[in-house]
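Novice: Starting off with a structure, shown below.
The values are calculated or read from the model by the stated rules, or taken from the named source; none is laboratory data. None of these values were measured; they are calculated from a predicted model. Neighbour counts are summed over all protein chains in view; Cβ atoms, including those assigned to glycine, are modelled from backbone coordinates with ideal geometry.
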Amino acid sequence: MYVVLAAFFGHWYLSLFCQTFFLHRYSAHKMFTMNKFWEKFFYALTYISQGSSYLSPRAYAILHRMHHAFSDTEKDPHSPHHTENVFTMMWKTKDLYNAVLNRKVKVEARFERDYPYWEKLEKLGDSWISRLGWGILYSLFYIFAFIYLDMHWAFFLLLPIHYLMGPVHGAIVNWSGHKYGYQNFDNKDESKNSLVFDLLMMGELFQNNHHKLPNRVNFGTKWFEFDPTYPVIKFLSWTKIIKMKESKVGVEVPKPKEASPTHLF
Ligand SMILES: [Zn+2]
Ligand SMILES: [Zn+2]
């Protein structure tokens, strides 16, 4: 059982780290720089960790930049305030994602620029053979654990989360982060901070802070808000694997009208 739990949480957090660190903060926002070697390293790590649900840095960056530009309006690719439920929101996002990925929709020039692109890995990551192969691998692991490690059958219910890891993370952040929680800033949208210690989504649930300060590396802005990815980024900067952009490190937090959250849940 412990092996299965370790595999589940290992997959959850490695995939989540790649999403917040590489797809979101690097590919979409360019909060820091890294050389070509490390870019390929984290690109490959994103492919390995997301596996069957691999998300392209280009398509992710474009959709995410649109989300910031049109937050909680009709043109937002995934606003919970313009869809009936979390599944219709995921479906709508998937359609736009595929259209952008396959260049079937015209993208504004301000979104279509400055993102990492590795053609071979893009083709591999989006191929059926790769998606199916990873899915079979996850299933075989659970079957192995069921037969040889005495795993309870109920753990099979975790398999769909493995298959859809990337979109599941996206759905939690996009739904909860624009629906539940408190606001530090008035961003003229519905963005919320859902948790004060965001151990669940590694900082992604500080949507209200992040929409106010989209280039700030630390998503926590109050002393009690903890963004677990920030210390990792500081460590990677200290080891010189990444380089912080001077202009983005010291982005000051504007004084919000309220000194403390307006409401908690
Ligand atoms: Zn948002
Ligand atoms: Zn963002």
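Novice: Determine whether the range 185-199 contains at least one residue that is within 16 Å of ligand 1 (Cβ to nearest atom), within 27 Å of Phe224 (Cα to Cα), at pLDDT 95 or above and touching a strand residue (DSSP E or B) at 6+ places or on another chain (Cβ under 7 Å).
Specialist: Looking through the range 185-199, at least one residue is within 16 Å of ligand 1 (Cβ to nearest atom), within 27 Å of Phe224 (Cα to Cα), at pLDDT 95 or above and touching a strand residue (DSSP E or B) at 6+ places or on another chain (Cβ under 7 Å).
Novice: Out of curiosity, is Ala61 within 16 Å of ligand 2 (Cβ to nearest atom) and assigned to a helix (DSSP H, G or I)?
Specialist: yes
Novice: Moving on. When only residues in the range 146-180 that are farther than 15 Å from Ser79 by Cβ and part of a loop (DSSP other than H, G, I, E, B) count, which is farthest from ligand 1 (Cβ to nearest atom)?
Specialist: So, considering only residues that are farther than 15 Å from Ser79 by Cβ and part of a loop (DSSP other than H, G, I, E, B), the one farthest from ligand 1 (Cβ to nearest atom) is Asp150.
Novice: A follow-up question, please. I'm trying to understand the selection: among the residues of the range 187-210, which are in contact with a His (Cβ under 7 Å, 6 or more places away or on another chain) and not in a loop (DSSP other than H, G, I, E, B)?
Specialist: Gln207
Novice: How many residues are away from ligand 2 (no atom under 16 Å from the Cβ), hydrophobic (A, V, I, L, M, F, W, C) and closer than 10 Å to Ile241 by Cβ if we restrict to the range 23-47?
Specialist: 5
Novice: Would a scan of the range 99-111 turn up a residue that is assigned to a helix (DSSP H, G or I), without any contact (Cβ under 8 Å) to a residue 12 or more places away in the chain, more than 18 Å from Phe21 (Cα to Cα) and of a type in the set (Gly, Ala, Ser)?
Specialist: yes
Novice: Could you run through the range 58-109 and say how many residues are within 11 Å of ligand 1 (Cβ to nearest atom) and acidic (Asp, Glu)?
Specialist: 2
Novice: Something else about it: Would you check if there is a residue in the range 20-39 being among the β-branched types (Val, Ile, Thr) and under 13 Å from the mean Cα position of the chain (by Cα)?
Specialist: yes
Novice: Yes or no: Lys30 more than 16 Å from ligand 1 (Cβ to nearest atom), out of contact with any His (no Cβ under 8 Å at 6 or more places or on another chain) and on the phi < 0 side of the Ramachandran plot?
Specialist: The answer is no for Lys30.
Novice: A further question follows. Run Tyr54 past the list (1) surrounded by fewer than 18 Cβ atoms within 10 Å (Cβ to Cβ); (2) in contact with a helix residue (DSSP H, G or I) (Cβ under 7 Å, 6 or more places away or on another chain); (3) under 27 Å from Tyr142 (Cβ atoms) and report the number of the one that doesn't hold.
Specialist: (1)
Novice: Looking at the range 44-57, is at least one residue polar (S, T, N, Q) and either modelled with pLDDT under 95 or closer than 20 Å to Val217 by Cα (or both)?
Specialist: Checked against the condition, which is being polar (S, T, N, Q) and either modelled with pLDDT under 95 or closer than 20 Å to Val217 by Cα (or both), the range 44-57 yields at least one hit.
Novice: Ser71 versus (1) closer than 21 Å to Phe22 by Cβ; (2) polar (S, T, N, Q); (3) out of contact with any Lys or Arg (no Cβ under 7 Å at 6 or more places or on another chain); (4) buried (at least 16 other Cβ atoms within 10 Å of the Cβ): which is the lone unmet condition?
Specialist: Of (1) closer than 21 Å to Phe22 by Cβ; (2) polar (S, T, N, Q); (3) out of contact with any Lys or Arg (no Cβ under 7 Å at 6 or more places or on another chain); (4) buried (at least 16 other Cβ atoms within 10 Å of the Cβ), only one is false for Ser71: (1).
Novice: Restricting to the range 75-98, name every residue that is part of a helix (DSSP H, G or I) and touching a helix residue (DSSP H, G or I) at 6+ places or on another chain (Cβ under 9 Å).
Specialist: Within the range 75-98, Val86, Phe87, Met89, Met90, Thr93, Lys94, Leu96, Tyr97, Asn98 qualify.
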